[in-house]
Structures are given as structure tokens and as C-alpha cells.
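Written below as C-alpha cells is the structure these notes are about.
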Amino acid sequence: MSNAPRPPIESGCPDGFQYMHPMMRKHYGTWDYHEDPQPGVLKHVAKNGDSIYTVRAGTQRILDVFTLRKLCDIGDEYADGHVHFTIRSNIEYMVDDESRVQPLIDKLTEEGFIVGGTRNSVAMISHTQGWLHCDIPGTDASGVVKSMMDELIDEFKNWNMPNRVHLTTSCCQINCGGQGDIAINVQHTKPPKINHDLVSNVCERPSVVARCPVAAIRPAMVDGKPSLEVDEKKCICCGACFPPCPPMQINDAEHSKLAIWIGGNHSNARSKPTFQKLVAAGIPNNPPRWPEATAIVKKILKVYKEDAKDWERINDWVERIGWPRFFELTELPFTKFHIDNWRGARNSLNASAHIRF
Ligand code: SF4
Ligand code: SF4
């Protein structure tokens, strides 16, 4: 018997090159330039003069199989049979002949899909898995996305903004929803309520205790049964204890709110990458249309559109005019909640040039 180690079983995502449009494979990494002929359409030109057109349409991210088949059939009939999805849930079709662009757009529109989301538009909101895949949602991110994109459809279809606007949502307070020009995130405002009857049967108490970032959870005996207790003075209402222990109920119809953060930017094309900052807190988490949160996002976009210079991203614009002016223009109240006075931050945030491990 061989002593060779067993080879690993690769179960990650497959090599994307095999699915790529042949023209994209041929010129991978060697495109000369690209243009935006019209909203929702990109044109890439290679050094030898070859060109390829990409048509982008928004989708609802969590796609049912019928819609997916319909989108694929459109790809087979009106494009060259190759599609890909962007991280913001848009589907993109590639054609290497300009005359096929308009019939493809017409077909997508006829089937109810919206073409757009390129250049200085408001991109589709990047949103998270929610109730479908994840164990910590505090709200229904997909519903927020649907209601907001319904109201922002013209900004998705057209190039009205000074620069690109990325929106993100999260359905919990701790993981996916960060770093957008505008982020709509859950905000819990009360410590979890513990269902002591369930803790002893459902939860591994040490892993719940270990999960708390501020060491607010302790093992405790309640009515003679092993359970947990929360030091409410320490608790920052993050919700991290809920996934390993669902009896730590943090979701609450009244006290789980939404908060809006702006100015997060990974890109360093024109300025340094930036963290997003809180601009509105305690917004009602108000299904099914979330009118309060949508009104604030629309207001921020309106002021940004009117006041920013061409090519300024939201963070560049606020940096130029200053935060006091931002609050003046948007008429959002500046409250004590905007001041980061959490004492633990001195340990958890890098406030100096020292590297910590
Ligand atoms: S935002 Fe939170 S709850 Fe939603 S998918 Fe991401 S980790 Fe899960
Ligand atoms: S909500 Fe967060 S801070 Fe509060 S007890 Fe749970 S893990 Fe700790």
C-alpha cells in the first residue's frame, strides 16, 4: 500500500475559465480599453480590434428555477450562450456583434428585467442570504432591497449620479452588510432575552460564552438548570450570541431597528479606502415597504446628486464639504448616537501604527 498522502477532495467553486465567453478567454487580461455606449451596456475592445458587448440586467438575487431558466433561455437565443452574475446580483450577457445588443435589451425588457446598473448609476443593492441560508438574521434584507430598488429604479436605469453608488444591506448586525457608499444595517437596541427552558437543551454554553465580544455572558444556574446570564451593562446588543444559541432572542419587532451608514469605499483609485460612518440610527424596521429607511436613502442620494462634483464618490464629497455640512444639507439629526464613545474600542480598533496580532 502506498504511503502517499490522500489527495485533497476539491469541493470549491469550479474553474470559471471553462464557462467564459471564448472572446473573453482569448483576451483575458489584455483588453486595450472599454467604453459605455449606453446605460447597462459595456464595450470592451482588445488590442487587435476585437470587441465584445456586455449587457447587464438586475435580478432579485435569490432566483427561483423558473426565472433562472428564462434568463438562460434568453442567453441562448439572444446572446452567445454565456452569462455571468456580478456580486450585486446582476446577470450579464456577452455578444460579440453590436447588432445583437438592442434585440437582447428589448427581450429582457419585454420579460420584465431591468437593464442598467453601469457607470454612474445606483448599482443593485448588494444583499445577504437572510433567512434562506443563514442562522442570524434580525430582519428580512430581501424585502428592504425590493422596496428600495422599486423606488430607485430610475437611478439604476440611468446615469444621473456624480459617480457610482453602491448600496448594501445586512440582515444581522455583525457580518455581511458593510462597506457601501450607503449601507442599511440592522441595529439591535436591547440585550437578548433568554429563554432559560431551552438553553440547557439547545445550546453549548461554552461556545455561547466564547462568542460574546465583550465578555458579557456568564454560565448561571436558573431554577436548578444550567443556563446563561447576560451582564446588560456590558452588552453592546450585537447579536453574536444568537447563532450558537437561538434561545438568546435578540430579534424584536419593536427594538430591532435599522441604521444607515455612508461613505464606505474599498477603492483607492482617487482617494484612500474609507470606513463607513453612521448617519441615521433607530429607524423603524417597518415591513413590508420600509418607508422611513427608503426616504432617508432617497434624501441622501438627492443631496449627493445636487451637491457633489462629477466623479466624487459619496465619501469624497462628504470629505470635501465636511460632516457638519452633510447633516445640514440632508437635515438628518446629529445625535449622541453618532459619537463613538465605546470604551472597548481602544482595544479592538487599530488607533496607532503598531501592528497587533
Ligand atoms: S447579514 Fe448576517 S444574518 Fe444576513 S446573511 Fe450575512 S451573516 Fe447572515
Ligand atoms: S448581544 Fe452581543 S454583546 Fe450582548 S450578550 Fe450577545 S454577544 Fe454579548
*Residue, farthest from Ser256 (Cα to Cα), within segment 109-161, restricted to residues that are of a type in the set (Ser, Thr, Tyr) and either outside any strand (DSSP E or B) or in contact with a Leu (Cβ under 6 Å, 6 or more places away or on another chain) (or both)*: Thr109
*Could you list all residues from segment 160-207 that are within 25 Å of Gln129 (Cβ to Cβ), aliphatic (A, V, I, L, M) and within 15 Å of ligand 2 (Cβ to nearest atom)?*
Ile174, Val186
*Within segment 21-41, is even one residue open to solvent by 90 Å² or more (accessible area, probe 1.4 Å), free of Cβ contacts under 8 Å to residues at least 12 places away in the same chain and touching a strand residue (DSSP E or B) at 6+ places or on another chain (Cβ under 6 Å)?*
yes
_Residues satisfying the stated conditions in segment 270-292, i.e. out of contact with any helix residue (DSSP H, G or I) (no Cβ under 7 Å at 6 or more places or on another chain) and either open to solvent by less than 10 Å² (accessible area, probe 1.4 Å) or polar (S, T, N, Q) (or both)_ = Gln276, Val279, Asn285
_Scope segment 101-121; condition touching a residue at least 24 places away in the same chain (Cβ under 8 Å) and not aliphatic (A, V, I, L, M); matching residues_ = Pro103, Lys107, Glu111, Phe113, Gly116, Gly117, Thr118, Arg119, Asn120, Ser121
_Failed condition for Lys234, given (1) at pLDDT 95 or above; (2) within 16 Å of ligand 2 (Cβ to nearest atom)_ = (1)
*In segment 113-141, how many residues are of a type in the set (Ser, Thr, Tyr) and within 16 Å of ligand 2 (Cβ to nearest atom)?*
1
_Taking the conditions exactly as written (surrounded by fewer than 15 Cβ atoms within 10 Å (Cβ to Cβ) and not hydroxyl-bearing (Ser, Thr, Tyr)), does Pro103 satisfy them or not?_
yes
*Say we look at segment 258-269 and pick out the residues that are open to solvent by 40 Å² or more (accessible area, probe 1.4 Å) and part of a loop (DSSP other than H, G, I, E, B); which of these is farthest from ligand 1 (Cβ to nearest atom)?*
Ala269
*Output the residue which, of all residues in segment 112-138 that are at negative phi and open to solvent by 60 Å² or more (accessible area, probe 1.4 Å), is modelled with the lowest pLDDT.*
Gln129
_Residue under evaluation Ala183, criteria (1) among the small types (Gly, Ala, Ser); (2) within 16 Å of ligand 1 (Cβ to nearest atom); (3) over 26 Å from Lys257 (Cα atoms), criterion not met_ = (3)
*What number of residues in segment 205-227 are of a type outside the set (Gly, Ala, Ser), more than 23 Å from Trp342 (Cβ to Cβ) and either surrounded by fewer than 17 Cβ atoms within 10 Å (Cβ to Cβ) or at pLDDT 95 or above (or both)?*
7
*For segment 342-355, does any single residue satisfy the condition of being touching a Lys or Arg at 6+ places or on another chain (Cβ under 9 Å) and at pLDDT 80 or above?*
no
*For segment 298-316, state whether one or more residues are over 23 Å from Trp159 (Cα atoms), out of contact with any Phe, Trp or Tyr (no Cβ under 6 Å at 6 or more places or on another chain) and open to solvent by less than 50 Å² (accessible area, probe 1.4 Å).*
no
*Can you tell me which residues in segment 186-204 are under 27 Å from the mean Cα position of the chain (by Cα) and either surrounded by fewer than 16 Cβ atoms within 10 Å (Cβ to Cβ) or away from ligand 1 (no atom under 16 Å from the Cβ) (or both)?*
Thr189, Lys190, Pro191
*Which of the residues spanning segment 228-257 are open to solvent by 80 Å² or more (accessible area, probe 1.4 Å) and either touching a Gly at 6+ places or on another chain (Cβ under 6 Å) or away from ligand 1 (no atom under 16 Å from the Cβ) (or both)?*
Glu232, Lys233, Lys234, Ala253, Glu254
_Checklist (1) modelled with pLDDT of 95 or more; (2) open to solvent by 80 Å² or more (accessible area, probe 1.4 Å); (3) part of a loop (DSSP other than H, G, I, E, B) applied to Leu332, failing item_ = (2)
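The values are calculated or read from the model by the stated rules, or taken from the named source; none is laboratory data. All figures in this text were calculated on a predicted structure; none of them were measured in a lab. We place every Cβ from the backbone using ideal geometry, glycine too, and count neighbours over all the protein chains shown. What goes into the accessible areas is simple: the full protein's heavy atoms, side chains included, and nothing from ligands, DNA or RNA. Shrake-Rupley method; radii C 1.70, N 1.55, O 1.52, S 1.80 Å.
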